[in-house]
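Worksheet for the structure shown next.
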Amino acid sequence: MLARMKNEQLLSISDVTKTFAGKNSKSPVHAVDGVSFTLNKGETLGIVGESGSGKSTLGRVILNLLPPTSGSIHFNSLDLSTLSARELRSARREMQMIFQDPFSSLDPRMKVGELIQEPLDIHKIGTQAERAALVLKIVESVGLSPEAIDRYPHEFSGGQRQRIAIARAIITKPKLIVADEPVSALDVSIQSQILNLLLQLQRELGLAYIFISHDLSVVEHVADKIMVLYLGKVVECGTIDEIFNNPTHPYTRALISAIPQINPEDRTQRTVLTGDIPSPADRPTGCHFHPRCAFAVDACRITSPELLPLTNQPSHSVSCHVFNGDSQ
């Protein structure tokens, strides 16, 4: 069933940008710059990049928590920009978000049962008895005991709080979940448990995920496709196999080379990036990555490269003046 769903388009993002006013009107902050992609039902897109690359802002723009400055977002054939506040609230029943820090996203004054039931109350789903029964069912499905509903968020560990956040996200039976760094604040052993839970729920409920992370080793285990962002622009995108077997953009190569390898024989030469990611309010001209790129040529400093498919891999696209033809 899940394999069949992955052929049905759920989300279409076209040339989306998001800018914020800077300290002076002449220097707007370009957080997201011309991003386009599609996502099918039951599919997972991993969005990766360093802090400051625009990943979290893009996630919020997709759900219209932040309105896009330009571009279009179509979810389930609905143009979100044309919906009234009431229509958008109704559409959000099928779009949910899981945040990096579950403790800050859970009201400490509410018991867990109340927190999980709140989306049902907002969308007026079911009777009070039906809501209470569904809360118990969801609590058990995310690996918590029924007694959890009468306790407060501060009484749980970080991993348990993330399970509460996941329960709250799935209780309205959404079609899309944006997971913004959902395991980065957790211990490694707990990370694997939460990732396995997300994969299990995807199989059972047919969920589509946008999984935002700075850690490619995590994304490798959950995603079908990967999109690499740098200063708000897509520099490379493709399937999980294409990105890991043939990383083409120098930035993608650097991110992959930073993944720790357990087996010494699997280790490759590390590509070390120099300097920090520039401010989105003062982006370099041309290719924004060129000041940190060992392969930069004159064209990189002058013009911004287009995102183009590789000649021998049409589903694998890269934005680079140097590596923009056949895979290098």
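Figures for the structure shown
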quantity	calculated
Of all residues in region 273-328 being loosely packed, with under 15 Cβ neighbours inside 10 Å and among the hydroxyl-bearing types (Ser, Thr, Tyr), the one that is farthest from Val234 (Cα to Cα)	Thr274
Checklist (1) in contact with a helix residue (DSSP H, G or I) (Cβ under 7 Å, 6 or more places away or on another chain); (2) open to solvent by less than 40 Å² (accessible area, probe 1.4 Å) applied to Met95, failing item	(1)
Conditions (1) in a helix (DSSP H, G or I); (2) at pLDDT below 95; number of the one not met by Ser184	(1)
Unmet requirement for Ile259, which otherwise passes all of (1) touching a helix residue (DSSP H, G or I) at 6+ places or on another chain (Cβ under 6 Å); (2) surrounded by 17 or more Cβ atoms within 10 Å (Cβ to Cβ)	(2)
Given (1) under 30 Å from Ile277 (Cα atoms); (2) without any contact (Cβ under 8 Å) to a residue 40 or more places away in the chain; (3) open to solvent by less than 20 Å² (accessible area, probe 1.4 Å), number of the condition Asn64 does not satisfy	(3)
Of all residues making up region 295-311, the number that are of a type in the set (A, V, I, L, M) and under 12 Å from Phe323 (Cβ atoms)	4
Members of region 68-90 found to be assigned to a helix (DSSP H, G or I) and surrounded by fewer than 16 Cβ atoms within 10 Å (Cβ to Cβ), listed by number	Ser81, Thr82, Ala85, Arg86, Glu87, Arg89, Ser90
Number of positions in region 207-261 that are aliphatic (A, V, I, L, M) and touching a Phe, Trp or Tyr at 6+ places or on another chain (Cβ under 9 Å)	12
Conditions (1) open to solvent by 10 Å² or more (accessible area, probe 1.4 Å); (2) over 30 Å from Asp33 (Cα atoms): number failed by Ile240	(2)
Top-ranked residue of region 27-45 - restricted to ones that are not small (Gly, Ala, Ser) and not in a strand (DSSP E or B), ranked as least open to solvent (accessible area, probe 1.4 Å)	Glu43
Some residue of region 129-143 being in contact (Cβ under 8 Å) with a residue 12 or more places away in the chain, among the charged types (D, E, K, R) and under 30 Å from Asn312 (Cα atoms)	no
Test: Ser51 is open to solvent by 50 Å² or more (accessible area, probe 1.4 Å) and touching a residue at least 24 places away in the same chain (Cβ under 8 Å)	yes
The lone exception for Val112 - which of (1) in contact with a Phe, Trp or Tyr (Cβ under 9 Å, 6 or more places away or on another chain); (2) surrounded by fewer than 21 Cβ atoms within 10 Å (Cβ to Cβ); (3) over 27 Å from Leu66 (Cα atoms) it fails	(2)
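Residue-wise test of (1) of a type in the set (A, V, I, L, M, F, W, C); (2) touching a Gly at 6+ places or on another chain (Cβ under 6 Å); (3) open to solvent by less than 10 Å² (accessible area, probe 1.4 Å).
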| position | (1), (2), (3) |
| --- | --- |
| Glu155 | no, no, no |
| Gly158 | no, no, no |
| Ile170 | yes, no, yes |
| Leu186 | yes, yes, no |
| Ser192 | no, no, no |
| Leu201 | yes, no, yes |
| Phe211 | yes, yes, yes |
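The values are calculated or read from the model by the stated rules, or taken from the named source; none is laboratory data. Please read these numbers as outputs of a predicted model, since none were measured by experiment. Please note: Cβ atoms are built from the backbone with ideal geometry, for glycine as well, and neighbour counts cover all protein chains shown. For the accessible areas, the whole protein counts, side chains as well, though only heavy atoms, and no ligand, DNA or RNA atoms are used. Shrake-Rupley method; radii C 1.70, N 1.55, O 1.52, S 1.80 Å.
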